Each structure stands twice: as structure tokens, then as C-alpha cells.
Amino acid sequence: MATTSKVTIRRTRREDVGIIVAMLADDPLGGARERIEDPLPQCYFTAFETLQRDPNILLVVAEDGERAVVGCLQLCILPGLSSQGASRGLIEDVRVASHCRSRGIGEQLVQWAVAEARGRGCKLVELLTHHTRVDAQRFYERLGFARSHVGMTIRF
């Protein structure tokens, strides 16, 4: 890491949705999945409202010192019966604005999510990353995550 930028992590607000979608679209996989249009399609705002109402889902952003949104992630707290009724944290959609990468922002976001999950009683934290995202896999391994599952998907 060349430099470390201190960020503030906060709950997402409606006005952040466009910035988040732009970060989600800023790679080959996301570029094929997301719709960057003006105005932004209503489906994103509908999803945002649903996420905001669920107390087990935290959609957060990272702001730099000038209050610009430079990163985001979603943390889902999943109650379960397995592992003696343990809850688990699931980290999704970690993104850092392309002009801010390699500054420690992603690390701060993930560390925040792990601490938040632990504080909410989770016994483990999991995350998914696409098998083609080898840089992301190295990043997560550096943060202490271990390969432990084989993921499978059905798309509709």
C-alpha cells in the first residue's frame, strides 16, 4: 500500500445510490450487470429502500476527509441454526472508487464489517468474490480470510 487514507464509515443515504452504482459498474463484471443511466433506474432506489428497512443489512459508504464517497460495502447478518444457532456476517459488494485504490480504504471497510459482525454476536464472517477476481482474492487472504467453500449460482 502506497499511502493510507483515513475514512469515515457511515450508513448510506439515498443520495449515495448513484455513486455506489457507479463503483459497482467500474469493472468488467459490474459493467455488464449495472445500468448507468441518467436518471438512474428506479430499481436501484427500490432496492435501497428495501435494504434500509432490514435491520440485519447494513449498506455503508466510506467518506474521505472532504466527505466524498470513496468506497462501499454491504454487511448482512444472517441468523442460523447451524453451529449451535450461530449468526454469521456476510460481506458483499466491497468497492473502492478506482482513483482511490491502494490507499487502505478497502481494508478499513472490511475491518469495520468484521468488527460490526462480531459486535452483533456473529461467530464467523464470510464473503464471496468472483473466481476471476484474483486481485480481490489476494486482498481478502491478506486480511485473514481463508478459502473454505465452493460457491454455486443459479441466475434468473
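The values are calculated or read from the model by the stated rules, or taken from the named source; none is laboratory data. Just so we're clear, the structure is a prediction, and the values are computed from it rather than from any experiment. Using ideal geometry, Cβ is built from the backbone for each residue, glycine included, and neighbour counts are taken over all protein chains shown. Keep in mind that these areas ignore ligands, DNA and RNA; they rest on the heavy atoms of the full protein, side chains included. Shrake-Rupley method; radii C 1.70, N 1.55, O 1.52, S 1.80 Å.
Odds and ends about this structure:
- Selection count, region 99-132, where residues are in contact with a Phe, Trp or Tyr (Cβ under 9 Å, 6 or more places away or on another chain) and either in a strand (DSSP E or B) or at pLDDT below 90 (or both): 4
Quick grid of which residues meet (1) in contact with a strand residue (DSSP E or B) (Cβ under 7 Å, 6 or more places away or on another chain); (2) on the phi < 0 side of the Ramachandran plot; (3) not small (Gly, Ala, Ser):
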| site | (1), (2), (3) |
| --- | --- |
| Gln111 | no, yes, yes |
| Val114 | yes, yes, yes |
| Gly119 | no, yes, no |
| Arg138 | no, yes, yes |
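- Region 25-41 residues that are touching a residue at least 40 places away in the same chain (Cβ under 8 Å) and open to solvent by 40 Å² or more (accessible area, probe 1.4 Å), paired with ones that are in a helix (DSSP H, G or I) and among the hydroxyl-bearing types (Ser, Thr, Tyr) (beta carbon under 8 Å, 6 or more apart): Asp26/Ser98
- Among (1) over 27 Å from Arg118 (Cβ atoms); (2) assigned to a loop (DSSP other than H, G, I, E, B); (3) of a type outside the set (Asp, Glu), the one test that Gly18 misses: (2)
- Of all the numbered requirements in (1) loosely packed, with under 13 Cβ neighbours inside 10 Å; (2) under 20 Å from Gly151 (Cβ atoms); (3) in contact (Cβ under 8 Å) with a residue 12 or more places away in the chain, Cys76 misses one, and that requirement is (1).
- Some residue of region 107-117 being over 16 Å from Ile9 (Cα atoms) and out of contact with any Pro (no Cβ under 8 Å at 6 or more places or on another chain): no
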